[in-house]
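The values are calculated or read from the model by the stated rules, or taken from the named source; none is laboratory data. Computed from a predicted model, the values in this text were never measured in an experiment. Virtual Cβ from ideal backbone geometry, glycine too; neighbours counted across all protein chains shown. Areas reflect the complete protein model, heavy atoms only, side chains present, ligands, DNA and RNA absent. Shrake-Rupley method; radii C 1.70, N 1.55, O 1.52, S 1.80 Å.
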Amino acid sequence: MGLFSKDIKTMDDLFVHTLRDIYYAEHQITKALPKMIDKASDPQLKQAFQSHLRETEGQIQRLEQVFKLHGVEAKGVTCEAIDGIVKEAESVISDTGDKEVLDAAMVAAAQAVEHYEISRYGTLVTWAEQLGRPDCAQLLKQTLAEEKATDSKLTDIAEGHVNRQAA
Ligand SMILES: [Fe+2]
Ligand SMILES: [Fe+2]
């Protein structure tokens, strides 16, 4: 369903559509992270990807709770944005030979994913509140905080040593 499809008539429809978009995105992220864990050389980076994979699985369950609270079916809709970000990450991974440069490239790719998620969850929290769903907003806020923490952990890893090792 396209974003401007006639199936979206109300703010509530738009909220549910965007929940389904991020639900699909989180599933794609759980498929992409194991490959990044496998390719990461830096132990701190590998560990950060591993812990975010577990966190992402929890975020999927949290979204299922939001769907349930809101009384709609938990299902995904294709999110072309995350497909593009993941595809670009995969192509940079396969094109980068040096393992330290590869770590720097993967941090950058992972931060593009986090920024996408921060944007989506920020919007969803605001819409949930506006639609009179503080219960949903509370759950979505927990995920938003995890995405922000992951983003700043990745910045610390990059600025701490990964970028220097790659230079
Ligand atoms: Fe996520
Ligand atoms: Fe994330």
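What residue, among those in region 29-55 that are touching an Asp or Glu at 6+ places or on another chain (Cβ under 6 Å) and in a helix (DSSP H, G or I), is nearest to ligand 1 (Cβ to nearest atom)? Ranking the qualifying residues of region 29-55, first place goes to 55. The residues listed here are 143, 96; of these, the one that is under 17 Å from residue 26 (Cβ atoms) and surrounded by 17 or more Cβ atoms within 10 Å (Cβ to Cβ) is 143.
Here is the figure for region 29-85: residues that are under 22 Å from residue 98 (Cβ atoms), touching a residue at least 24 places away in the same chain (Cβ under 8 Å) and among the aliphatic types (A, V, I, L, M) total 5.
Taking residue 109 as the residue in question, decide whether it is of a type in the set (Gly, Ala, Ser), open to solvent by less than 20 Å² (accessible area, probe 1.4 Å), in contact with a helix residue (DSSP H, G or I) (Cβ under 9 Å, 6 or more places away or on another chain) and under 22 Å from residue 13 (Cβ atoms). Judged against the criteria, residue 109 is not a match.
Within region 110-122, can one find any residue that is more than 13 Å from the chain's Cα centre (by Cα) and assigned to a helix (DSSP H, G or I)?
No.
Being in contact with a helix residue (DSSP H, G or I) (Cβ under 6 Å, 6 or more places away or on another chain), open to solvent by 20 Å² or more (accessible area, probe 1.4 Å) and of a type outside the set (Gly, Ala, Ser) is true of residue 69. For region 129-138, the count of residues that are farther than 16 Å from residue 19 by Cβ, touching a residue at least 12 places away in the same chain (Cβ under 8 Å), part of a helix (DSSP H, G or I) and open to solvent by 20 Å² or more (accessible area, probe 1.4 Å) is zero.
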